[in-house]
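Notes follow the structure.
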Amino acid sequence: MYFDIREDCGDMFSEDTYDAFVLVPLFLAMYNKIPLKIRGRISKKLYKNLTWYVQKILCDFMDKLVPVDISVEGFAPTKSEGYLIGAPLSCGVDSLSTVYDRYINENDPDYKINALFIFNNGTHRSNDDTVTVTKKFFQSRIERVARAANELRLPLLVIDSNLDKFTYNNDLINLAFLINYSCVLSLQNAIRRYYVPSAYSYQDIKEFGRKPHGYDLAEFCDSYFVPLIQTERTELIVDGCQYRRVDKVKRIAEWDIAQKYLNVCCKRGRENSDNCGECDKCERTLLTLDILGKLDNFSEVFDLDKYKRDSFTIKAKNMHYINEDAFCKENFDLAVEMNFPMPTKRECFVMDKKVLVVK
Ligand SMILES: [Zn+2]
């Protein structure tokens, strides 16, 4: 397992602890039902949290996991010298909302973001992408993110890692979140605080938290899981659970950086990372903007003519999923709040050769 950063930042790595090498092996040990032995030192705080709390949450998340013993050879130093307040920048809604609140609107230097991160660790690809497609896709994404960071006047640090090589079957795709946290923990000499933008709101986790059981660790539990992944030197803060996703969109809709760089697309298998306008994430974001009356602000990043042609179908699809999908439910609630007309009668629509009944 390795982590890699540009040469002049090498001293950011903490070489006196194995914290960055614990999370992925822990998940694998629990999956394979074998004890975990670390031949080195880790943070005492992290050790206690992993032993007492984290394993219970992971077992709730995936039925195939069992609790295991963790043995280590001692505990790492606790003196903090970190000076960075970090956050990831992907240019998605969650990430932009955190940067907007904790950088643009934050004045306390202890909490104001002063560095942005992007991790090249396989979390930007889908399983069936080829190496070439993945490389070009990440390159296209990183170029956009670098332009945004430059305009924000914040340094962007890229961390490469091979931890994704351990995601060799579908169950292990869930390692993606642990891989991101591991990249943060590798830089404990530099990172004092790190914001993890949330997926669900506190309310969504209460109402829809069982739905992502077994396949999306962040939506399942990030409001109470992330605060357990920290050490005496580096604090991870989950940011954004106080908002619904639609409220985050509303908050950044007038922000020029968001209007230029918003990128929510989840369509993979291609070299370009621009918004496709037709995947689930593009469609629901466009619908939120439509309900808010802010579509025209985002003409640089979405094909609005295409959306306007397809919008009735997108609304019908949203209505079909309001009891199953937290973000569709949020769009529906927002439409009610804004008096925005949505399909409401019981009607049938033919879409993608399937018949949808809207109640
Ligand atoms: Zn898309």
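The values are calculated or read from the model by the stated rules, or taken from the named source; none is laboratory data. The structure displayed is predicted, hence computed values, not measured ones. Neighbour counts are summed over all protein chains in view; Cβ atoms, including those assigned to glycine, are modelled from backbone coordinates with ideal geometry. Surface areas here come from the heavy atoms of the whole protein model, side chains and all, with no ligands, DNA or RNA. Shrake-Rupley method; radii C 1.70, N 1.55, O 1.52, S 1.80 Å.
Each of the peptides 298-310, 240-252 was scored by the mean count of other Cβ atoms within 10 Å over its residues; in descending order, highest first, they stand as 240-252, 298-310. Take every pair of alpha-carbon atoms less than 8 Å apart whose residues are at least six positions apart; their mean separation over the length of the stretch 276-358 yields a relative contact order of 27 percent. Summarising the label geometry, the points placed 7 Å from Cα in the beta-carbon direction at ASP274 and LYS136 lie 1.4 nm from one another.
Counting Cα-Cα pairs of the chain in 20 Å increments starting at 0 gives whole-percent bin shares of 28, 58, 14, 0. Counting only Cα atoms, the stretch 276-358 measures 35, 30, 19 Å along its principal axes, largest extent leading. The length gained on full extension between LEU292 and TYR168, counted as 0.36 nm times the residue separation minus their Cα-Cα distance, comes to 40.5 nm. For the stretch 166-271, applying the loop criterion from DSSP together with a ceiling of 15 other beta carbons within 10 Å to the GluC sites (Glu not before Pro) yields GLU254, GLU271.
Sequence-distant contacts, meaning Cα pairs under 8 Å at least 6 residues apart, place the relative contact order of the chain at 18 percent. Between ILE104 and GLN242, the simple label model (points 7 Å from Cα in the Cβ direction) yields a spacing of 1.7 nm. Among 196-204, 209-217, sorting by the average number of other beta carbon atoms lying within 10 angstrom of each residue, highest first, gives 196-204, 209-217.
Please give the Cα centre distance for the stretch 287-359 versus the stretch 191-213, rounded to the nearest Å. About 24 Å separates the Cα centre of the stretch 287-359 from the one of the stretch 191-213. Label-to-label distance for ASP63 and LYS206 is 2.8 nm, based on points extended 7 Å past Cα in the beta-carbon direction. For GLU151 and GLU81, the difference between the fully extended length at 0.36 nm per residue and the C-alpha to C-alpha distance is 22.4 nm. Taking every alpha-carbon pair under 8 Å whose residues sit at least 6 apart, the stretch 26-67 reaches a relative contact order of 53 percent. Report note on the peptides 134-142, 276-284: ranked by the mean count of other C-beta atoms within 10 Å, highest first, their order is 276-284, 134-142. Stretching CYS9 away from LYS353 to a fully extended chain increases their span by 118.6 nm, per 0.36 nm per residue minus the current alpha-carbon distance.
Accessible surface calculations at 1.4 Å, restricted to protein heavy atoms, place the chain at 47 Å² per residue. Secondary-structure-derived ellipticity at 222 nm for the chain, considering helices only, amounts to -11000 deg cm²/dmol, per-run term -39500 (n - 2.57) for DSSP H runs with n ≥ 4.
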